[in-house]
Structures are given as structure tokens and as C-alpha cells.
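Encoded as C-alpha cells, the structure appears first; notes follow it.
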Amino acid sequence: MDTILSFLANLVLAFPVILLFYLLVTPGIMDTPIPYTMAGVFFLFPIIFFCTLFYTRYKHRPQALAIQIGLTLLIGGWIYLGLVFNADPLGIIAIRPNELNIFVAVVFASSPGVFRIVRGLVMDIKTRDYVAAAQTRGESPWYIMLWEVLPNARGPLIVDACLRIGYTTILLGTLGYFGLGLAPESPDWGTAIKEASRLLRSHIHPALPPTIALMSFVLGLNLLADALREQSLKD
């Protein structure tokens, strides 16, 4: 039940990515302002985030704040124009249809959950006695982070990584089944299941290999995550 609920939660987080893929592959949609408007809104958030971050950090130092905000607007505006409007004068930044865009989009959809887990782990570990002992010894923040906090957070992070790989595999398979995934010449379990589903009335065996491969891979990752979790509890 926990696995199903976690998968549904990740599917909800990935819904904007699925919607964006649907809009991009719909015939004639690129001739309308819909995808450019969505991209323009989405890519504004990183610029707003960094401006807010630098304001909270340098609000009492106006000169440093002006430099940071200026660099953010300059570099962020350059990337923004290149990604959204393909208007980079140097021709360095541009988005073209390929497999990397799909994986980057999935990473952006899953990253808030990872950030939340990491923050919760760090907030818990920083109150432990061994962290206080390292601070008493005068260790630097980098030493405490790399040698005290990170090793004690590796267990839950490895478990979460295994689960997320499985959910991402299911998501990519779902996108491929609906024709929103990788290009036809690229190997994709979802696309293979879709092509084989047309023959189910007469032959069932073409759909079995990709289905079993997808199911066994995701199930194996879930079993590996359970084993790692049990081992981390013992440690």
C-alpha cells in the first residue's frame, strides 16, 4: 500500500511534465502561443528564486546585493531568452527534442520530494551528539557535512533513490505507451508494449517480454530498497 501511495504521489508531481509532453506532441500545438506561454512562466521561477535568495542574504549590504541581482538578471535573462524564445545571440543555449530533455523534465518533477527528504534528514542529524562533538572540536562546516552528516544520511537517501528509479521507469514507460516518450528509433519498454498491444487479439507473446522486463525491474528495485532499509535500521 505504501508503494502504491508513493507512486501515486510521484505521478501527481510529474503531471505537469506529462501535460507539457502532450502539448508538445499534439499536431499544430507549436503554432499556437500555449507552449511558449507555459515555458515563459515556468522558467521565470528560477530567476525569482535566486533574486529572493540573494535579497535575504545581502539585504543589509546594498552594494553586494546590487551586484548579485544584476548578475542574476543578466545570466538568468540570457538563459531565459535562449530556452524559451530560442533568441540566444551566441546560439549556445537552445532546447531541441532529444532524450536528455525528457530525463531533465523528470528530474525537475521529482526534485522537490528529494529536497524535502534531504532537509528533514539534515535537520534531524544536526541535533545529534556526534555533530555537537565535532563542533566542539572546532571542525569546519564542510568537514561536518561530509564526514558527520552525509554518512549518517546515506541509508534513507539510497532507499529513496532506488524507489525513485522504479517510479521514473514506470513514468517513462507510461509516456512511451501513450506516444509521449522517446523517439521511435530509441529502445523503450512503453513503446514496445504499445506496439505489441495491437496484436493481443491474435498473439499475446510479443507483449510479454517488455511487460515482464518492466515489472521485474521495478519489483527488483523495490525489494532492493526494502533490503537496504532493513540494513540501515540494523546499523
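The values are calculated or read from the model by the stated rules, or taken from the named source; none is laboratory data. Given the structure is predicted, the values throughout are model-derived calculations rather than measurements. Methodologically, a virtual Cβ is constructed for each residue, glycine included, from the backbone with ideal geometry; neighbour enumeration extends over all protein chains shown.
What to note about this one:
- Some residue of the stretch 70-90 being surrounded by 15 or more Cβ atoms within 10 Å (Cβ to Cβ), modelled with pLDDT of 75 or more, under 27 Å from the mean Cα position of the chain (by Cα) and over 30 Å from residue 37 (Cα atoms): no
- Residue match in the stretch 126-142 (condition: buried (at least 16 other Cβ atoms within 10 Å of the Cβ), modelled with pLDDT of 85 or more and in the same structural domain as residue 106 (by TED's automatic domain parsing)): yes
- Test: residue in the stretch 29-36 that is modelled with pLDDT of 75 or more, over 30 Å from residue 168 (Cβ atoms) and charged (D, E, K, R): no
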